[in-house]
Amino acid sequence: MLQPASHNNLTHQLVHELGKAIVREQFAVGEGLPSEAEICNRYQISRTATREAVKMLAAKGLLVSRPRKGITVQSREHWNLFDPDVLDWILSSTPSLQTLRDFLQLRLAIEPEAAALAARNAEQSDLDAIADALRRIKAAEEGIEDPLIADIDFHSAILRASKNPFFMQLRSFIETALKVSIRFTNQFKGVDSASYLDHRKIYDAIAAGDAQLAHQTSHVMEAEALQLIEDRIKG
């Protein structure tokens, strides 16, 4: 049963409940959801809210409605993995090493180029934001700041500083995935927080306007994290 709330909040609660259930494979691909009446009864929610939730899940690629087949669960290849909700459901269900690898491969393709663009395009306010996150990473090593938030803010600030609108719009996706991937990679490294010195190298290159060095230092960091996952997969 969902928590008492307004119509819109109930709809969103149901979206999250059904979304997590689909991601956790509680409903088989190609099979239909429980009937509308069953969902209404199980979650004590109206038919209108149920229909809206189903439409929202269909927009995220998790469900599809076809004539004579009704509403069925889609396979992962159809999911909108850039949707923060979908990504959050995947990561909150204990992601596989393969999922972490896939994400780190994407980071390796994007973040070094974003760092290079930041070295070319960053304004003083952008540099200040990166420097502030770097300061908090340093403080996190001393147990003063939250290491995860500081690390996420650092990488997010670089995406903003790139001034590439496509990279900038990936921020919410990157931030959501970093919440899990950083925790795992730090665990595999045997550390509690990000390396201040490694992040400082990236910041220094960006602040100096050295695009090639910014790309190189970011690439080294992302490649190291990816290799940790690859080694775990190989056993």
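What the table below lists for this structure:
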{"quantity": "Close pairs from segment 75-91: first within 11 Å of ALA177 (Cα to Cα) and in a helix (DSSP H, G or I), partner open to solvent by less than 70 Å² (accessible area, probe 1.4 Å) and among the aliphatic types (A, V, I, L, M), Cβ under 6 Å, at least 6 apart", "calculated": "LEU87/ALA177; TRP89/VAL23; ILE90/VAL23; LEU91/VAL180"}
{"quantity": "Candidate set from segment 145-168 (those that are aromatic (Phe, Trp, Tyr) and open to solvent by less than 40 Å² (accessible area, probe 1.4 Å)); member that is modelled with the lowest pLDDT", "calculated": "PHE167"}
{"quantity": "Residue tally, condition open to solvent by less than 80 Å² (accessible area, probe 1.4 Å), more than 21 Å from the chain's Cα centre (by Cα) and of a type outside the set (Val, Ile, Thr), over segment 209-230", "calculated": "6"}
{"quantity": "Selection status of PHE103, open to solvent by 30 Å² or more (accessible area, probe 1.4 Å), among the aromatic types (Phe, Trp, Tyr) and either touching a Leu at 6+ places or on another chain (Cβ under 9 Å) or not in a helix (DSSP H, G or I) (or both)", "calculated": "no"}
{"quantity": "Residue within segment 33-42 that is touching a residue at least 40 places away in the same chain (Cβ under 8 Å), open to solvent by less than 20 Å² (accessible area, probe 1.4 Å) and part of a helix (DSSP H, G or I) present", "calculated": "no"}
{"quantity": "Members of segment 55-86 that are touching a Phe, Trp or Tyr at 6+ places or on another chain (Cβ under 6 Å) and modelled with pLDDT under 90", "calculated": "PHE82"}
{"quantity": "Which listed residue, of ILE233, ILE130, ILE202, is of a type outside the set (Asp, Glu), within 30 Å of LYS60 (Cα to Cα) and under 22 Å from the mean Cα position of the chain (by Cα)", "calculated": "ILE233"}
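The values are calculated or read from the model by the stated rules, or taken from the named source; none is laboratory data. Because the structure is a prediction, the values reported are computed rather than measured. Because the Cβ atoms are built from the backbone with ideal geometry, glycine has one as well, and the counts that use them run over all protein chains shown. Areas reflect the complete protein model, heavy atoms only, side chains present, ligands, DNA and RNA absent. Shrake-Rupley method; radii C 1.70, N 1.55, O 1.52, S 1.80 Å.
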